[in-house]
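*Asks:* My questions will all concern the structure given below.
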Ligand code: HEC
Ligand code: HEC
Ligand code: HEC
Ligand code: HEC
Ligand code: HEC
């Protein structure tokens, strides 16, 4: 069993390596790849992915929670755990953004004009719209769209047999919200996972990392007038910090602090919360 598992892991690594190597040669190419190009969630290659069995594994949530009624009632079980976020391999060549998809992901654009981003007169750079990789998270966590609202369902999924209620991450007591059960009595309270559309109380996202000089190897140049802030540390590479905290094209995103592919740490944090803040902030 262990041999099979290791085998799969090595296979996955081997399959990915040429891509990583090619992209790694040119930082510019790497940066382009994170923007616009879909990452394909192939369940065959991902057969050993740590996301399986985690709270983001919608195909396995009945096993996790022991609640058979949840998949196929609260949300559709597409039988492929990757498609809730990633474009399925058979749709790799379709222009998903023409269908309203978030650039590079298998989910629809949330109503971006609705987001209230964190703002303060002290911020070094301001942003109006979250970047695609953060919109991915918000497409579930803002509570406006069903968790199974994907752009492409797997080809073998039978729409006609779909009886799910397509519920949203929302604490409201109605039949389109997981809060119907997840109210702290029937099941754990889901309202804390509901980030909502007002992000002014949350950590700022999608702004250029304040610690980057205007021109810095591996990162796109800053817009005119950007001044770097001495209260922030320099990143170690174009991926971000050596402890795993990431920057995306020089920006801070939800995935800078969280890695949904690593359920080992609490709340999928990239670094334990006592060390997380000082990775970037010097004070
Ligand atoms: C809840 C959303 C979500 C689900 C479900 C999901 N992923 Fe991902 N995946 C992401 C995000 C976000 C990233 C980007 C991480 C980054 O760039 O740091 C990613 C990155 C990847 C990558 C490229 C990065 C790497 O680790 O090399 C691969 C390959 C991948 N996912 C495969 C899969 C497979 C296979 C599945 C199903 C078993 C899956 N994903 C399920 C969100 C998801
Ligand atoms: C397809 C829908 C979906 C997407 C997309 C999604 N999530 Fe989630 N997320 C969930 C669900 C469902 C839960 C579990 C809620 C619960 O336990 O009440 C969850 C839980 C979490 C938690 C709490 C984990 C815990 O242990 O309680 C964090 C943190 C989180 N998600 C971050 C992210 C980030 C960051 C992204 C984007 C990279 C993301 N999620 C994308 C559906 C999603
Ligand atoms: C019919 C009632 C019901 C509905 C509707 C429902 N759930 Fe659940 N869910 C439960 C019960 C009961 C549990 C197990 C007890 C618990 O985790 O509190 C559970 C567990 C979970 C877990 C696993 C938690 C863990 O730590 O393992 C997740 C994640 C989850 N539900 C997400 C959702 C999401 C997302 C929705 C809406 C799309 C939803 N549920 C709708 C009843 C429900
Ligand atoms: C600067 C780092 C950072 C960024 C950026 C960030 N988070 Fe978090 N997130 C945290 C930390 C730390 C916690 C746990 C402590 C807390 O409750 O605030 C957390 C908690 C959460 C939780 C779980 C709430 C709970 O207490 O169960 C969810 C869901 C979540 N984040 C999603 C997101 C989403 C979606 C984004 C982007 C819109 C995001 N995070 C951006 C650091 C971050
Ligand atoms: C990935 C790097 C990064 C991490 C990790 C991080 N921050 Fe930040 N934080 C920033 C950036 C960049 C800003 C915006 C600074 C600016 O543009 O002036 C910011 C802004 C803030 C602000 C708003 C300050 C203001 O000027 O209004 C607070 C508060 C904050 N962070 C707290 C935290 C806490 C608490 C943690 C740990 C849970 C944390 N940060 C982790 C990069 C980070």
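The values are calculated or read from the model by the stated rules, or taken from the named source; none is laboratory data. Remember, predicted model here, so these are calculated numbers, not experimental data. No Cβ is skipped: glycine too gets one built from the backbone with ideal geometry, and neighbour counts run over all protein chains shown.
*Asks:* I'm trying to understand the selection: among the residues of the range 184-199, which are within 11 Å of ligand 2 (Cβ to nearest atom) and closer than 21 Å to residue 72 by Cα?
*Replies:* Within the range 184-199, 187, 188, 189, 190 qualify.
*Asks:* Looking at (1) more than 21 Å from residue 85 (Cβ to Cβ); (2) within 22 Å of the chain's Cα centre (by Cα); (3) within 15 Å of ligand 2 (Cβ to nearest atom), find the lone condition where residue 264 falls short.
*Replies:* For residue 264, the failing item is (1).
*Asks:* Exactly one condition in (1) more than 20 Å from the chain's Cα centre (by Cα); (2) away from ligand 3 (no atom under 16 Å from the Cβ); (3) assigned to a helix (DSSP H, G or I); (4) modelled with pLDDT of 95 or more is not met by residue 133; state its number.
*Replies:* (1)
*Asks:* Moving on. Is it the case that the range 147-166 has a residue that's in contact (Cβ under 8 Å) with a residue 40 or more places away in the chain, surrounded by fewer than 17 Cβ atoms within 10 Å (Cβ to Cβ) and outside any loop (DSSP other than H, G, I, E, B)?
*Replies:* No, that holds for no residue.
*Asks:* Further question on the same structure: Any idea how many residues of the range 229-255 are touching a residue at least 40 places away in the same chain (Cβ under 8 Å), within 16 Å of ligand 1 (Cβ to nearest atom) and on the phi < 0 side of the Ramachandran plot?
*Replies:* The number of residues fulfilling the criteria is 7.
*Asks:* Moving to a separate point now. More than 16 Å from ligand 4 (Cβ to nearest atom), at pLDDT below 95 and not assigned by TED's automatic domain parsing to the domain that holds residue 212: does that describe residue 160?
*Replies:* Working: more than 16 Å from ligand 4 (Cβ to nearest atom): yes; at pLDDT below 95: yes; not assigned by TED's automatic domain parsing to the domain that holds residue 212: yes.
The answer is yes for residue 160.
*Asks:* Name every residue in the range 252-264 that is touching a helix residue (DSSP H, G or I) at 6+ places or on another chain (Cβ under 9 Å) and either away from ligand 3 (no atom under 16 Å from the Cβ) or in a loop (DSSP other than H, G, I, E, B) (or both), in order of residue number.
*Replies:* Residues of the range 252-264 that are touching a helix residue (DSSP H, G or I) at 6+ places or on another chain (Cβ under 9 Å), as a first pass: 252-262.
Within the range 252-264, 252, 253, 254, 255, 256, 257, 259, 260, 261, 262 meet the criteria.
*Asks:* From 85, 140, which residue is at pLDDT 95 or above, part of a helix (DSSP H, G or I), within 16 Å of ligand 3 (Cβ to nearest atom) and under 18 Å from residue 57 (Cα atoms)?
*Replies:* Checking each option against the conditions leaves just 140.
*Asks:* Can I ask one more? Please specify each residue of the range 230-246 satisfying the condition of being touching a helix residue (DSSP H, G or I) at 6+ places or on another chain (Cβ under 6 Å) and either buried (at least 19 other Cβ atoms within 10 Å of the Cβ) or within 24 Å of residue 140 (Cα to Cα) (or both).
*Replies:* Of everything in the range 230-246, those that are touching a helix residue (DSSP H, G or I) at 6+ places or on another chain (Cβ under 6 Å) and either buried (at least 19 other Cβ atoms within 10 Å of the Cβ) or within 24 Å of residue 140 (Cα to Cα) (or both) turn out to be 238, 245, 246.
*Asks:* I need the full set of residues from the range 61-73 which are in contact with a strand residue (DSSP E or B) (Cβ under 9 Å, 6 or more places away or on another chain) and closer than 17 Å to residue 150 by Cα, in order please.
*Replies:* Those that are in contact with a strand residue (DSSP E or B) (Cβ under 9 Å, 6 or more places away or on another chain) and closer than 17 Å to residue 150 by Cα: none in the range 61-73.
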